[in-house]
Amino acid sequence: MFSLLLHRSPQQEDLLVADLFEWGATGIAEEEQGIRAFFDGDADCTTLLARFRDFAPEVREEQAVDWAAVSRDAFPPLLIGQQFYLVAPWDASETPEGRLRLEIEPGMACGTGRHPATQLCLEALEASVTPGVSVLDVGTGSGILSEAARLLGAGRVIGCDIDLEAVQIARERIGVTLFAGSADAIRARSQEIIVANIDSAAIESLAGELSRIRKPQSKLILSGFPKHDLPAGFQPQTILTREEWACLIC
(Lines give C-alpha, C1' and ligand atoms only; values in the text may rest on other atoms or scores of the structure.)
Protein backbone atom coordinates (compact mmCIF):
# COMPACT_ATOMS: atom_id res chain seq x y z
CA MET A 1 0.00 0.00 0.00
CA PHE A 2 1.20 3.49 -0.76
CA SER A 3 -0.07 7.07 -0.97
CA LEU A 4 0.59 10.04 -3.21
CA LEU A 5 0.62 13.59 -1.85
CA LEU A 6 -0.46 15.92 -4.67
CA HIS A 7 0.07 19.67 -4.50
CA ARG A 8 -2.86 21.52 -6.08
CA SER A 9 -4.53 24.92 -6.24
CA PRO A 10 -8.08 25.22 -4.79
CA GLN A 11 -9.67 25.52 -8.24
CA GLN A 12 -8.16 22.17 -9.25
CA GLU A 13 -9.47 20.21 -6.28
CA ASP A 14 -12.82 18.87 -7.53
CA LEU A 15 -11.44 17.70 -10.86
CA LEU A 16 -8.36 16.18 -9.23
CA VAL A 17 -10.41 14.22 -6.69
CA ALA A 18 -12.61 12.82 -9.45
CA ASP A 19 -9.56 11.88 -11.50
CA LEU A 20 -7.86 10.12 -8.58
CA PHE A 21 -10.89 7.95 -7.89
CA GLU A 22 -11.08 7.10 -11.58
CA TRP A 23 -7.44 5.96 -11.43
CA GLY A 24 -8.12 3.58 -8.56
CA ALA A 25 -7.64 5.55 -5.36
CA THR A 26 -9.18 3.69 -2.42
CA GLY A 27 -9.35 6.80 -0.26
CA ILE A 28 -8.56 10.49 -0.29
CA ALA A 29 -7.79 12.91 2.53
CA GLU A 30 -7.03 16.62 2.58
CA GLU A 31 -3.79 17.76 4.18
CA GLU A 32 -2.27 21.19 4.65
CA GLN A 33 0.20 20.56 1.82
CA GLY A 34 -2.37 19.14 -0.62
CA ILE A 35 -4.48 16.04 -1.29
CA ARG A 36 -3.26 12.59 -0.23
CA ALA A 37 -4.59 9.68 -2.27
CA PHE A 38 -4.22 6.09 -1.10
CA PHE A 39 -3.69 3.11 -3.41
CA ASP A 40 -3.54 -0.64 -2.96
CA GLY A 41 -0.17 -2.29 -3.40
CA ASP A 42 -1.05 -3.70 -6.81
CA ALA A 43 -1.57 -0.19 -8.27
CA ASP A 44 1.10 0.90 -10.75
CA CYS A 45 2.97 3.62 -8.88
CA THR A 46 5.16 4.51 -11.86
CA THR A 47 2.15 5.11 -14.09
CA LEU A 48 0.42 7.17 -11.42
CA LEU A 49 3.51 9.33 -10.91
CA ALA A 50 3.61 10.03 -14.62
CA ARG A 51 -0.14 10.71 -14.82
CA PHE A 52 -0.09 13.25 -11.97
CA ARG A 53 3.38 14.68 -12.50
CA ASP A 54 1.97 18.23 -12.83
CA PHE A 55 1.03 18.09 -9.14
CA ALA A 56 4.57 17.27 -7.91
CA PRO A 57 3.53 13.92 -6.40
CA GLU A 58 5.31 12.56 -3.32
CA VAL A 59 5.16 8.82 -2.61
CA ARG A 60 4.85 7.37 0.86
CA GLU A 61 4.60 3.72 1.90
CA GLU A 62 1.57 3.07 4.10
CA GLN A 63 0.63 0.49 6.69
CA ALA A 64 -2.59 -1.47 6.26
CA VAL A 65 -5.40 0.96 7.10
CA ASP A 66 -9.05 1.18 6.09
CA TRP A 67 -8.54 3.97 3.57
CA ALA A 68 -12.20 3.90 2.61
CA ALA A 69 -12.96 4.96 6.19
CA VAL A 70 -10.29 7.66 5.96
CA SER A 71 -11.97 8.94 2.81
CA ARG A 72 -15.40 8.94 4.48
CA ASP A 73 -13.99 10.93 7.38
CA ALA A 74 -12.64 13.48 4.89
CA PHE A 75 -16.19 14.35 3.76
CA PRO A 76 -18.19 15.09 6.93
CA PRO A 77 -21.67 16.67 6.74
CA LEU A 78 -21.63 20.37 5.98
CA LEU A 79 -24.17 23.15 6.58
CA ILE A 80 -24.36 25.54 3.60
CA GLY A 81 -26.41 28.71 3.60
CA GLN A 82 -29.65 28.73 5.55
CA GLN A 83 -31.21 25.59 4.10
CA PHE A 84 -28.76 22.98 2.82
CA TYR A 85 -27.30 19.99 4.65
CA LEU A 86 -24.61 18.54 2.38
CA VAL A 87 -23.80 14.87 2.95
CA ALA A 88 -22.19 11.95 1.15
CA PRO A 89 -24.56 9.06 0.29
CA TRP A 90 -23.06 6.84 3.00
CA ASP A 91 -23.74 9.36 5.76
CA ALA A 92 -26.49 8.20 8.12
CA SER A 93 -26.74 11.34 10.23
CA GLU A 94 -30.16 12.90 10.74
CA THR A 95 -30.94 15.99 8.68
CA PRO A 96 -31.24 19.02 10.97
CA GLU A 97 -34.71 20.51 11.24
CA GLY A 98 -35.41 23.08 8.54
CA ARG A 99 -32.59 21.85 6.29
CA LEU A 100 -32.74 20.25 2.84
CA ARG A 101 -30.65 17.09 2.55
CA LEU A 102 -28.32 17.43 -0.44
CA GLU A 103 -26.57 14.11 -1.15
CA ILE A 104 -23.57 14.19 -3.48
CA GLU A 105 -21.05 11.42 -4.14
CA PRO A 106 -17.58 12.93 -3.55
CA GLY A 107 -15.13 12.37 -6.35
CA MET A 108 -17.54 11.05 -8.97
CA ALA A 109 -17.57 14.29 -10.99
CA CYS A 110 -16.72 17.95 -10.49
CA GLY A 111 -18.83 19.51 -7.76
CA THR A 112 -18.48 18.10 -4.25
CA GLY A 113 -20.05 21.19 -2.67
CA ARG A 114 -16.94 21.94 -0.65
CA HIS A 115 -15.43 24.49 -2.99
CA PRO A 116 -16.19 28.13 -2.08
CA ALA A 117 -17.52 28.89 -5.58
CA THR A 118 -20.02 26.04 -5.40
CA GLN A 119 -21.13 27.15 -1.95
CA LEU A 120 -21.68 30.69 -3.22
CA CYS A 121 -23.85 29.32 -6.04
CA LEU A 122 -25.88 27.29 -3.55
CA GLU A 123 -26.47 30.37 -1.42
CA ALA A 124 -27.43 32.41 -4.49
CA LEU A 125 -29.90 29.72 -5.58
CA GLU A 126 -31.33 29.67 -2.09
CA ALA A 127 -32.06 33.38 -2.35
CA SER A 128 -33.35 33.23 -5.94
CA VAL A 129 -35.36 30.05 -6.55
CA THR A 130 -39.10 30.34 -5.97
CA PRO A 131 -41.66 27.54 -6.47
CA GLY A 132 -42.26 26.71 -10.11
CA VAL A 133 -39.44 28.68 -11.75
CA SER A 134 -37.34 27.22 -14.57
CA VAL A 135 -33.63 26.71 -13.83
CA LEU A 136 -30.77 25.90 -16.21
CA ASP A 137 -27.48 24.64 -14.77
CA VAL A 138 -24.68 25.14 -17.32
CA GLY A 139 -21.67 22.89 -16.68
CA THR A 140 -23.58 20.77 -14.21
CA GLY A 141 -20.73 18.38 -13.31
CA SER A 142 -21.96 16.22 -10.42
CA GLY A 143 -25.39 17.84 -10.71
CA ILE A 144 -25.18 19.42 -7.27
CA LEU A 145 -26.66 22.77 -8.32
CA SER A 146 -29.41 21.13 -10.38
CA GLU A 147 -30.39 18.96 -7.43
CA ALA A 148 -30.29 21.98 -5.11
CA ALA A 149 -32.68 23.88 -7.41
CA ARG A 150 -35.05 20.89 -7.44
CA LEU A 151 -35.01 20.68 -3.65
CA LEU A 152 -35.79 24.40 -3.46
CA GLY A 153 -38.97 23.86 -5.48
CA ALA A 154 -38.03 24.82 -9.02
CA GLY A 155 -40.68 23.73 -11.50
CA ARG A 156 -38.32 22.54 -14.21
CA VAL A 157 -34.58 22.02 -13.90
CA ILE A 158 -32.24 21.29 -16.80
CA GLY A 159 -28.54 20.56 -16.41
CA CYS A 160 -26.04 20.37 -19.24
CA ASP A 161 -22.36 19.57 -19.47
CA ILE A 162 -19.99 18.94 -22.37
CA ASP A 163 -18.48 16.06 -20.33
CA LEU A 164 -20.56 13.01 -21.29
CA GLU A 165 -19.16 10.91 -18.45
CA ALA A 166 -20.12 13.54 -15.86
CA VAL A 167 -23.67 13.60 -17.23
CA GLN A 168 -23.94 9.82 -17.12
CA ILE A 169 -22.75 9.73 -13.52
CA ALA A 170 -25.06 12.55 -12.44
CA ARG A 171 -28.08 10.87 -14.05
CA GLU A 172 -27.67 7.92 -11.69
CA ARG A 173 -28.33 10.11 -8.66
CA ILE A 174 -30.06 13.32 -9.72
CA GLY A 175 -33.77 13.44 -10.54
CA VAL A 176 -33.71 16.24 -13.13
CA THR A 177 -33.26 16.51 -16.90
CA LEU A 178 -29.58 16.28 -17.81
CA PHE A 179 -27.98 16.21 -21.25
CA ALA A 180 -24.53 16.21 -22.79
CA GLY A 181 -24.10 19.51 -24.59
CA SER A 182 -24.18 23.22 -23.94
CA ALA A 183 -26.54 26.17 -23.71
CA ASP A 184 -26.88 26.46 -27.49
CA ALA A 185 -29.36 23.57 -27.37
CA ILE A 186 -31.78 25.48 -25.11
CA ARG A 187 -34.85 27.24 -26.50
CA ALA A 188 -34.70 31.06 -26.67
CA ARG A 189 -36.33 33.09 -23.89
CA SER A 190 -37.09 29.99 -21.87
CA GLN A 191 -35.13 30.26 -18.63
CA GLU A 192 -35.91 32.27 -15.51
CA ILE A 193 -32.74 31.37 -13.60
CA ILE A 194 -29.43 30.33 -15.16
CA VAL A 195 -26.52 29.19 -12.99
CA ALA A 196 -23.04 28.58 -14.38
CA ASN A 197 -20.24 27.51 -12.07
CA ILE A 198 -17.44 27.41 -14.64
CA ASP A 199 -14.38 29.53 -15.35
CA SER A 200 -14.45 33.15 -16.44
CA ALA A 201 -13.32 32.53 -20.03
CA ALA A 202 -16.02 29.89 -20.58
CA ILE A 203 -18.69 32.24 -19.24
CA GLU A 204 -17.54 35.04 -21.54
CA SER A 205 -17.69 32.67 -24.52
CA LEU A 206 -21.28 31.76 -23.59
CA ALA A 207 -22.46 35.34 -23.07
CA GLY A 208 -24.42 35.46 -26.31
CA GLU A 209 -26.19 32.17 -25.65
CA LEU A 210 -27.02 33.15 -22.08
CA SER A 211 -28.57 36.37 -23.35
CA ARG A 212 -30.56 34.45 -25.99
CA ILE A 213 -32.12 31.91 -23.61
CA ARG A 214 -32.95 34.26 -20.74
CA LYS A 215 -36.50 35.34 -20.09
CA PRO A 216 -37.10 39.03 -19.33
CA GLN A 217 -36.50 39.74 -15.62
CA SER A 218 -34.48 36.54 -15.30
CA LYS A 219 -31.41 36.01 -13.11
CA LEU A 220 -27.91 34.89 -13.95
CA ILE A 221 -25.83 33.28 -11.18
CA LEU A 222 -22.20 33.11 -12.32
CA SER A 223 -19.25 31.70 -10.40
CA GLY A 224 -16.20 29.48 -10.72
CA PHE A 225 -13.66 32.31 -10.92
CA PRO A 226 -11.54 34.32 -8.45
CA LYS A 227 -12.30 37.95 -7.61
CA HIS A 228 -9.39 39.17 -9.76
CA ASP A 229 -10.76 37.44 -12.88
CA LEU A 230 -14.42 38.45 -13.18
CA PRO A 231 -15.99 37.71 -16.59
CA ALA A 232 -16.35 40.82 -18.73
CA GLY A 233 -19.62 42.04 -20.19
CA PHE A 234 -21.96 41.41 -17.25
CA GLN A 235 -23.64 43.92 -14.94
CA PRO A 236 -24.14 42.25 -11.56
CA GLN A 237 -26.69 43.53 -9.08
CA THR A 238 -24.87 41.67 -6.33
CA ILE A 239 -21.39 40.18 -5.92
CA LEU A 240 -20.96 37.49 -3.28
CA THR A 241 -17.44 36.53 -2.17
CA ARG A 242 -15.81 33.80 -0.11
CA GLU A 243 -12.06 33.61 0.31
CA GLU A 244 -10.69 34.60 -3.13
CA TRP A 245 -13.78 33.44 -5.03
CA ALA A 246 -16.67 35.49 -6.41
CA CYS A 247 -20.25 34.93 -7.51
CA LEU A 248 -22.12 37.44 -9.72
CA ILE A 249 -25.89 37.73 -9.53
CA CYS A 250 -27.11 39.59 -12.62
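Here are the numbers for the structure shown:
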{"quantity": "Tabulated pairs, the range 223-239, first on the phi > 0 side of the Ramachandran plot, second of a type in the set (A, V, I, L, M, F, W, C) and in a loop (DSSP other than H, G, I, E, B), C-beta under 6 angstrom, 6+ apart or interchain", "calculated": "Gly224/Ile198"}
{"quantity": "Residue, nearest to the chain's Cα centre (by Cα), within the range 221-250, restricted to residues that are buried (at least 22 other Cβ atoms within 10 Å of the Cβ) and among the small types (Gly, Ala, Ser)", "calculated": "Gly224"}
{"quantity": "Residue within the range 141-157 that is modelled with pLDDT of 95 or more, farther than 30 Å from Thr95 by Cα and of a type in the set (Lys, Arg) present", "calculated": "no"}
{"quantity": "Count of the range 115-138 residues which are in a loop (DSSP other than H, G, I, E, B) and modelled with pLDDT of 95 or more", "calculated": "5"}
{"quantity": "Hey, Ala92 touching a residue at least 40 places away in the same chain (Cβ under 8 Å) and either over 17 Å from Pro116 (Cα atoms) or of a type in the set (Gly, Ala, Ser) (or both) or not", "calculated": "no"}
{"quantity": "The range 141-185 - residue that is part of a helix (DSSP H, G or I) and of a type in the set (D, E, K, R) and, of those, farthest from Leu220 (Cα to Cα)", "calculated": "Glu165"}
{"quantity": "Some residue of the range 61-74 being touching a residue at least 60 places away in the same chain (Cβ under 8 Å), more than 24 Å from Gln168 (Cα to Cα), out of contact with any Pro (no Cβ under 9 Å at 6 or more places or on another chain) and assigned by TED's automatic domain parsing to the domain that holds Glu172", "calculated": "no"}
{"quantity": "Pairs with Cβ under 8 Å, 6+ apart, first in the range 1-23 and surrounded by 19 or more Cβ atoms within 10 Å (Cβ to Cβ), second outside any helix (DSSP H, G or I) and among the acidic types (Asp, Glu)", "calculated": "Ser3/Glu62; Leu4/Glu58"}
{"quantity": "Options Ser182, Ser218; residue that is more than 16 Å from the chain's Cα centre (by Cα), surrounded by 16 or more Cβ atoms within 10 Å (Cβ to Cβ), modelled with pLDDT under 95 and of a type in the set (S, T, N, Q)", "calculated": "Ser182"}
{"quantity": "Where a residue in the range 167-186 is small (Gly, Ala, Ser) and its partner, wherever it lies, is assigned to a loop (DSSP other than H, G, I, E, B) and surrounded by 15 or more Cβ atoms within 10 Å (Cβ to Cβ), with Cβ under 8 Å and at least six apart", "calculated": "Ala170/Ala109; Ala170/Thr140; Ala170/Gly141; Ala170/Ser142; Ala170/Gly143; Ala180/Asp163; Ser182/Leu206; Ala183/Leu206"}
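The values are calculated or read from the model by the stated rules, or taken from the named source; none is laboratory data. From a predicted model like this one, the values you see are computed outputs, not experimental measurements. FYI the Cβ positions are ideal-geometry reconstructions off the backbone, even for glycines, and counts take in every protein chain you see.
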